Amino acid sequence: PFVMGTIALLLATLCFLPTGQVALAEEFTCRGALGAVTVDNVQVPSGATCTLTGTRVQGTIVVESNATLRASGIRVVGNIQAEGARAVNVTTSSTVGGSIQIKQGGSARIATVRINGDLQFDANRAAISATAPSGMRPADK
């Protein structure tokens with residue numbers, strides 16, 4: 001009787017739980033290449049190299065220490081954040097809905113990227129460059 005009562009109580013409880021789907025942000029750990037797919041968030045772990053080509057990121061890209069990001073033709077809804085990264089290269093008509101922040105890292109190249117937020121370079125050790133898409137001025141963002 002106790003087991004049957006427990007099962008009945010459990011089933012009754014489950015009937016009153018919301019049935020809507022719960023959306024959980026998944027983090028994709030990139031060690032290698034990723035093509036034209038859609039992911040939630042991208043993490044480039046320490047020491048890894050990640051190449052994104054035509055990738056859509058619904059959230060944020062985080063580049064960890066001593067890691068390298070090479071990205072072209074990407075669409076990012078959120079930010080690209082790198083602290084202590086070896087290199088960050090975002091090129092070829094990419095779009096970032098938020099900001100790009102590259103701090104205390106190595107080299108960085110941001111070329112022909114539409115950034116709806118800010119572009120921040122802070123205390124980097126190697127060459128950095130940024131060029132706007134043709135016909136775009138900084139005030140156009």
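The values are calculated or read from the model by the stated rules, or taken from the named source; none is laboratory data. Just so it is clear, the structure is predicted and the values come from calculations on it, not from any experiment. Reconstructed Cβ throughout: ideal geometry from the backbone, glycine too, with neighbour counts over all protein chains shown.
If you go through the stretch 32-46 and pick out every residue that is in a loop (DSSP other than H, G, I, E, B) and not β-branched (Val, Ile, Thr), you end up with 5. Tell me, yes or no, whether the stretch 93-105 has at least one residue that is more than 21 Å from PRO45 (Cα to Cα) and touching a Ser or Thr at 6+ places or on another chain (Cβ under 7 Å). Within the stretch 93-105 (the criterion being more than 21 Å from PRO45 (Cα to Cα) and touching a Ser or Thr at 6+ places or on another chain (Cβ under 7 Å)), the answer is yes, since at least one residue qualifies.
Can you say whether LEU52 is touching a Leu at 6+ places or on another chain (Cβ under 9 Å) and touching a residue at least 24 places away in the same chain (Cβ under 8 Å), as far as the supplied structure shows? Walk me through it before giving the result.
Details: touching a Leu at 6+ places or on another chain (Cβ under 9 Å): yes; touching a residue at least 24 places away in the same chain (Cβ under 8 Å): no.
No: the conditions fail for LEU52.
Is it the case, given these coordinates, that THR38 is of a type in the set (Ser, Thr, Tyr) and either touching a Ser or Thr at 6+ places or on another chain (Cβ under 8 Å) or modelled with pLDDT under 95 (or both)? Spelling it out, THR38 is indeed of a type in the set (Ser, Thr, Tyr) and either touching a Ser or Thr at 6+ places or on another chain (Cβ under 8 Å) or modelled with pLDDT under 95 (or both).
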